[in-house]
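Asker: Submitted below is the structure of interest, expressed as structure tokens.
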Amino acid sequence: MSDSLSWRPFVVDALREAGASVSESDSLLWVQVPEPVRERLDGPARFAMTFDPERVRQFDAELIAPGSYLLEKILSLAMGRGRWDVARFEAPEANWVEEALAGSGLAPQVGLRCEVLGMEDQLLLLFSFRTSLVADEKREGFHLVAVAPSVGAAWRHESGDSESGLMPAPDLVPPDLGTAYGLATRILRDTTRESVDRFRATNLQRLEEEVRRIFGYFDQTTAEIRAADPGGSEDLLRAIQAERDRRLTETLERFDPKAKATLCAIRAIVAPMARVRLRFSNHTLADVTVDAWSRHLNGLTCDFCGGTEGPWSLQDRGVRCGRCPPMRAESVPPRGRPRSDTPRRGTRAARGSGRSPARSTARPRGDSSRRRGP
Amino acid sequence: MSLPVREPHPSTDASLSLQFDEADADLLARAFRTPGDGPRAWHLNCEAHRLSLVHGFDRLLAWPSLRGVARYPHQERTCLRVLQEMRGRAILADEVGLGKTIEAGLVLKEYAIRGLVRRALILTPASLTGQWREEMESKFDLPFAVLRSLGDWEDRPYLIASIDLAKRGPHRSAAQSRPWDLVIVDEAHRLKNRLSVNWRFVAGLSKKYMLLLTATPVQNDMEELFNLVSLLKPGALRTYEGFIDRYVGSRDRRVPANVSELRDRLRDVMIRHRRGIAFTLPPRRVHSLPVRLSPAERRLYDDVTDFVRDAYWSASGRMSWAARLTLVVLQREIGSSTFAAAETLRRLAQSPLFGPRERDQLEALERGARAIQQNVKATRLVEFLRSSDEKALVFTQYLRTLQHLQRVLEGEGHRAAVYHGGLSPAAKDGAVRSFEGDRQVFLSTEAGGEGRNLQFARTVVNYDLPWNPLRIEQRIGRVHRLGQEREVHVVNLWAQETVEAYLMELLDRKIHMFELVVGELDLILGNLDERRSFEDMMMEIWALRESEPRRAALQRLGEALVRARTEYDRMQERNEEALRPVSEEVAA
């Protein structure tokens, strides 16, 4: 959570966006809100607010700071609005395809030729998620996942949410969200798995330490009492064991790790998409798609690990993805790395796979029948 | 041996994966059915989520929301250690005056901001419930309620309870049957005995985090330290037998053994800061200004006292609690000023609590009070203020006394900032600002402080003396606190041969209360009598008709106070001896 000052632009924007007027006077911000917003904020129609706790009593100004009542209400207001939006993206540059490929590491270079096969509009769905890892502490994250339903691809969108080039498109037909949501949740699970596992392991280790100590303490205490007084009260020993069990339950409550995700909002964006054929120096081909808004390249598979996410680099033995660790010698193949369960394009397994573009013309680069080009 | 059954059992999970919210389906169903709120709203939605994310306890978030709380590095360090290393279970054992309450409030606020604490219970001695409520409200904006009825356990997510009340009968089971996210126990040395009802009550609470606050974890011997730690982390100091064998000197149970190892173990559960040279508060200088009442004031005081004593005893057995309380108030008011008592006398003269004869008496007393136009104490106050260039806080318990003083001071050319409970928050702010500006005098009825920093002044005048010494201490604490760099002057105005004279005898001469650090007094009074308040004891003595038994009772109370003070000093030494190795000195 951010500190007070970083809240100011957001708070003012959020109130204004919801229809409030905000003005500054006497070092306080004066807010006039319309009735529906007043109801949401559960306060008066006109009020003063401040980011300085020492000024709170001035004109009964409401404090804006982490944990303050009004900030929570404004957050809730903003989170309740803007939950879906539709937009059209117009590519600002004519050469956006080359730029997008270059951004993916596939700039024109020796050993690679790119050919644009076609251009069409593509619907992208951008899902925003909030994740919470909770035990006796809380760690949260905010994630954007883009889905291209037409090619059955989904990826973490890391490029921010700039509005540049986006225009409202109110006439867009509501898309089928169910399948896209399924793809998005799968990507989110995959990409957060490592941090979730780490969180779980840390908390289970804490739990184990606590449990061990509690058992040690109560069992040893029981043993000492028995040793000191072999004919002693069984009621006392039972009470000790009951107390032990209660403490254990309490400990489990504290360290039980939970991982939750909530869909925050969805955005539909129509953007130009290019179908591109990549020709590699070893005469292999790959047909990929790239859209003008996210500039994300879909359809390429790593020759080393089977990964599908860039940035990409050309190697002697093929194309390598951004997830592959650097290798000391390019000729040494990675050992022991489990291959991805993503079917390679053009293989039998890939046909009918949800992750293979429906109308993809891509073929495996090893397919000799296609080596001389289309 | 198996773990208690619980669903779902975390250790049986093969892995943990994200669970998606069921409410997602609702959004998927609603989305795009109607026009959205526009791209700006979408963008702000993302921004709201991003800004409000919580990243563990990487830093403290609460500071920007605290009012009137000076930021001290040792408090910040303590809070981070409790959150990051101790996982919310700690003994906060700073020496008196270093801000344990602030540290506890800070930890609570950090948890509350992160949504990890939604139900919190603070257990304190009965005398401190109000003070805790006020501090949590004014400084941390945490809406705590003080336990009044059984229903509060259900209805109040933030509750303050006297431990003596909470541990009894229906309250005990109500408290123990609900899960608490955080339990704070103030004056936790009262949990020193693990066979006591107090200890078993706190141990039986279901809680995620727990803070035990005490400046004196060791009151008699090291076993008490073991008992406190066992509440938080059983086994952290081994078993009882193991602890005694390993960490207690063979003969003297107050002396620790294997200190280095003990220190390491205690560091996991306890934080103790000592006041270093940089954090030693400046001294207090106490000025006693006794006055002799004018003949008319004397006569009225004696007549009111006679009436109170007669009514107190003659009605014994049938007088209601409310009527007795009224008599106490009247006696306190006449000690403050004739103006404060006049209005109460008028009301009592019309009250059905008293018979016709008593009502006639009260009417006569009221006439006597209203006939007095000047109080000697006020004249003495003016003389004192004239002799001093310093800004002064003048405290009285009663609004009518305050109004009288305002008239007197303004008549003498003093400009006073007036502060009382009837003012709006803005007017209170204005009063503080004007005192910080050009006003020499801050006239106040409120001792609580409400988180305001008044350390720019250093003179406190007790125009009257509350019978509850903690209220006096709070007044002084308005200026004698961390941040005060100059010597503090405490001026006590009191009339001879009054209850206030008794108070001065007991509090000033016997235990040198006015020189104690804020917080120490409660520890001393805690050694006195756990069942009756100091106020009750005072009234019982003052109400005695015959002067000899009264003097004797006062003498006994004085001796008990001296013993309590001595016991406190011994306790201080024991803690210093036992815990010095695990303490850190606070640097400025």
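Coordinate-derived values only; no laboratory data. For clarity, every value in this text was computed on a predicted model and none was experimentally measured. A quick note on method: Cβ atoms are made from the backbone with ideal geometry, for glycine too, and the neighbour counts reach across all protein chains shown.
Asker: Taking the number of other C-beta atoms within 10 Å as the exposure measure, put B:His512, A:His296 in order starting with the fewest.
Answerer: Taking fewest neighbouring Cβ atoms as first place, the list is B:His512, A:His296.
Asker: Another question about this same structure. Quick one: which residues, 5 or more positions from A:Ala265 or on another chain, have an amide H under 5 Å from its amide H? H modelled 1.01 Å from N in the peptide plane, none for Pro or chain starts.
Answerer: Result for A:Ala265 returns A:Ser128.
Asker: Using only Cα atoms and rounding to the nearest 10 degrees, what angle (0 to 90) does helix B:321-336 make with the longest principal axis of chain B?
Answerer: On a 0 to 90 degree scale, this one is about 60.
Asker: Relative contact order, percent, of chain B when contacts are C-alpha pairs under 8 Å separated by at least 6 residues?
Answerer: 15
Asker: Could you tell me the distance between the Cα centroids of the range A:126-179 and the range A:186-261, to the nearest Å?
Answerer: What the calculation gives is 39 Å, centre to centre.
Asker: Also, I was wondering about something else. Across peptide A:118-128, how many C-beta atoms of other chains are within 10 Å of each residue C-beta, on average?
Answerer: Shielding by partners across A:118-128 averages 1.
Asker: With +1 on the Cβ of every Lys and Arg and -1 on the Cβ of every Asp and Glu, and nothing else charged, how large is the dipole of the range B:453-563 about its Cα centre, in debye rounded to the nearest 20?
Answerer: Dipole about the Cα centre, nearest 20: 160 debye.
Asker: Please compute the average number of Cβ atoms from other chains found within 10 Å of each residue's Cβ in peptide A:185-192.
Answerer: Mean partner shielding for this stretch: 1.
Asker: Also: Ranked by Cβ crowding within 10 angstrom, fewest neighbours first, how are B:Met270, A:Met119 ordered?
Answerer: A:Met119, B:Met270
Asker: So what's the net charge close to B:Asp464: Lys and Arg +1, Asp and Glu -1, counting the other residues with Cβ under 12 Å from its Cβ?
Answerer: My count for the surroundings of B:Asp464 gives +3.
Asker: With +1 assigned to the C-beta of every Lys and Arg and -1 to the C-beta of every Asp and Glu, and no other charges, what is the dipole magnitude of the range A:215-331 about the Cα centre in debye, to the nearest 20?
Answerer: Once rounded to the nearest 20, the dipole reads 1020 debye.
Asker: Determine which lysines satisfy two conditions relative to B:Lys100: a Cα distance under 30 Å, and not lying fewer than 8 residues away in the same chain.
Answerer: Result set, ordered by chain and number: A:Lys138, B:Lys109, B:Lys139, B:Lys167, B:Lys192, B:Lys207, B:Lys208, B:Lys233, B:Lys391, B:Lys428, B:Lys510.
Asker: Turning to a different aspect of this structure: Take A:Phe51, B:Phe32 and order them by how many other Cβ atoms sit within 10 Å, fewest up front.
Answerer: Listing A:Phe51, B:Phe32 from fewest to most nearby Cβ atoms yields B:Phe32, A:Phe51.
Asker: Using amide H atoms built in the peptide plane, which far-off residues or other-chain residues are under 5 Å from B:Val146 H to H?
Answerer: B:Ile160
Asker: Give the distance, in whole Å, between the Cα centre of the range B:530-581 and the Cα centre of the range B:467-504.
Answerer: 18
Asker: Report, ordered by chain and residue number, the aspartates and glutamates lying within cross-link reach of A:Lys73, taken as a straight Cα distance under 13 Å and ignoring same-chain residues fewer than 8 apart.
Answerer: Of all the aspartates and glutamates, those that pass the test against A:Lys73 - Cα under 13 Å, at least 8 places apart if same chain - are A:Glu39, A:Asp42, A:Glu62.
Asker: Right, here's the next one. Let me know the shape class of the range B:362-438, please: from the alpha-carbon gyration tensor, a ≥ b ≥ c as square roots of the eigenvalues, rounded when a/c is under 1.5, otherwise prolate if a/b is greater than b/c, or oblate.
Answerer: oblate
Asker: Can you compute the helix-only [θ] at 222 nm over chain B? Use -39500 (n - 2.57) per DSSP H run of at least 4 residues, normalise by all residues, nearest 500 deg cm²/dmol.
Answerer: Helix contribution divided over all residues of chain B: -14000 deg cm²/dmol.
Asker: In addition: Once you average over the residues of A:58-65, how many Cβ atoms of partner chains fall within 10 Å of each Cβ?
Answerer: Mean partner shielding for this stretch: 4.
Asker: How large is the dipole of the range B:145-268 about the Cα centre if only Lys and Arg carry +1 and Asp and Glu carry -1, each at its Cβ, rounded to the nearest 20 debye?
Answerer: I would put it at about 140 debye.
Asker: Moving on. Placing +1 on the Cβ of each Lys and Arg and -1 on the Cβ of each Asp and Glu in the range A:97-204, which of A:Met167, A:Leu133, A:Gly105 has its Cα farthest towards the positive end of the resulting dipole?
Answerer: Highest projection toward the positive end goes to A:Leu133.
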